1. Sticking with the crude label model, points 7 Å out along Cα→Cβ, report the distance from D47 to E306 in nm, one decimal please.
2. Along region 106-112, what does the Karplus equation 6.51 cos²θ - 1.76 cosθ + 1.60 (θ = phi - 60°) give for ³J(HN,Hα), rounded to whole Hz, x for Gly and Pro?
3. Please give the length that would be gained between S252 and D171 if that part of the chain were fully extended, namely 0.36 nm times their separation in residues minus their C-alpha to C-alpha distance (nm, one decimal).
4. Explain nothing, just compute: Karplus ³J(HN,Hα) = 6.51 cos²θ - 1.76 cosθ + 1.60, θ = phi - 60°, for every residue of region 252-261 in order, whole Hz, x for Gly and Pro.
5. If you place +1 on the Cβ of every Lys and Arg and -1 on the Cβ of every Asp and Glu, how big does the dipole about the Cα centre of region 255-322 come out, in debye to the nearest 20?
6. Taking amide H atoms as placed 1.01 Å from N in the peptide plane, list the residues 5 or more away in sequence, or in a different chain, whose amide H sits under 5 Å from that of L234.
7. Using the beta-carbon distance between N31 and R115 and R0 = 51 Å, what value does 1/(1 + (r/R0)^6) give for FRET efficiency, to the nearest 0.05?
8. Given the pairs K120/K151; K151/K259; K151/K280, which span a C-alpha to C-alpha distance of over 30 angstrom in this model?
Amino acid sequence: MTSHLRKVELHCHLEGAAAPALTLDQARKYNIDITPYLRDGAYVWHDFASFLECYDKVSEVYKTEGDYALLTETYLAELSGIGTIYSELIVSPDHGKRIGLGADAYIEGVCEGIRRAKAKSGIEARLIVTGERHFGPESVIGAAEYAAKAKNPLITGFNLAGEERMGRVADYARAFDIARDAGLGLTIHAGEVCGAFSVEDALNDVRPARIGHGVRAIESTDLVKRLADLGTVLEVCPGSNIALKVFPDFASHPLRKLKEAGVRVTISSDDPPFFHTSLKREYELASDAFGFSDAEIDNLTRTGIEAAFVDDDTRRALLAKL
Ligand code: HPA
Ligand code: ZN
């Protein structure tokens, strides 16, 4: 039973949190045939590449500033309903551009959703702008420049997501330099689809405070020690990892081993309905599949607040709520 615990989420892709019912409403509204990607109330994909394709297609049924406000408010309401006090949402202004809405209107819609959710429940949220590897280094640099110039107090971090097998981290290092110079918190997807080398690349070429997933660091004892020594925080998404077959089952998932080796770990849902999960379920898994006590789970949540991309006053206020 984890329903009484306060919760925090550091790693959730906004469009990846879209409930199938909402996506269906949107598809009907715009007369889009979404059936290749959404059937019987579930998103349709079979491996990482087809997941990314499905994700991009689903994202296209959210078209206006109002659609993004609704999507954001709906997800944050779900989170606050289960006791979540803080959420970081991974967003892609480039996606706003690609669908013809424009980056500013896309971000403004998302920010409106955050304001509405906060007014109703008090939930605190921030945005992590992401570049996507499969759109190439130039597009990722564009995303970093957008985040750096936006001067939007809700945009506090920069990430790199997408097809991890495309290029090496070094190809995207300049984007992270731009984001770092702008004072944004840095996190990067690594060690999910690719092995330990991708986490090493991330540490060498980006020096991020956090790593999205990072779980395949477990393949190298030296690397696990390096993560522990550096204090790098892993945004671990167990349900996502099992859905994408990064590990065959929860018994072989390294969350507990990483924690016991001194690595700072947190739990998140990634793209919840795509991976048949939710933040509620991730907290239940922490207890039921990984055997963490309430105190240990609170410790994961505390690590999440400590690693959140927020100012010190907000961090103090969040810690006081734990
Ligand atoms: N991993 C990598 N890239 C992504 C994801 C993900 O889970 N969701 C959207 N882009
Ligand atoms: Zn992710």
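The values are calculated or read from the model by the stated rules, or taken from the named source; none is laboratory data. Because the structure is predicted, anything quoted here is derived from the model rather than measured. Positions of Cβ are generated from backbone atoms using ideal geometry, with glycine treated the same way; all protein chains shown enter the neighbour counts. Note: areas computed on protein heavy atoms with side chains; ligands, DNA, RNA excluded. Shrake-Rupley method; radii C 1.70, N 1.55, O 1.52, S 1.80 Å.
1. So the two model labels end up 3.9 nm from each other.
2. Values, residue by residue: 4, 5, 4, x, 4, 5, 4 Hz.
3. So the chain would gain 25.9 nm between S252 and D171.
4. Residue by residue, region 252-261 yields 9, 6, x, 3, 5, 4, 4, 4, 5, 7 Hz.
5. For this selection, approximately 120 debye.
6. I211, R264, V265, T266
7. Efficiency at R0 = 51 Å is approximately 0.95.
8. K151/K259; K151/K280
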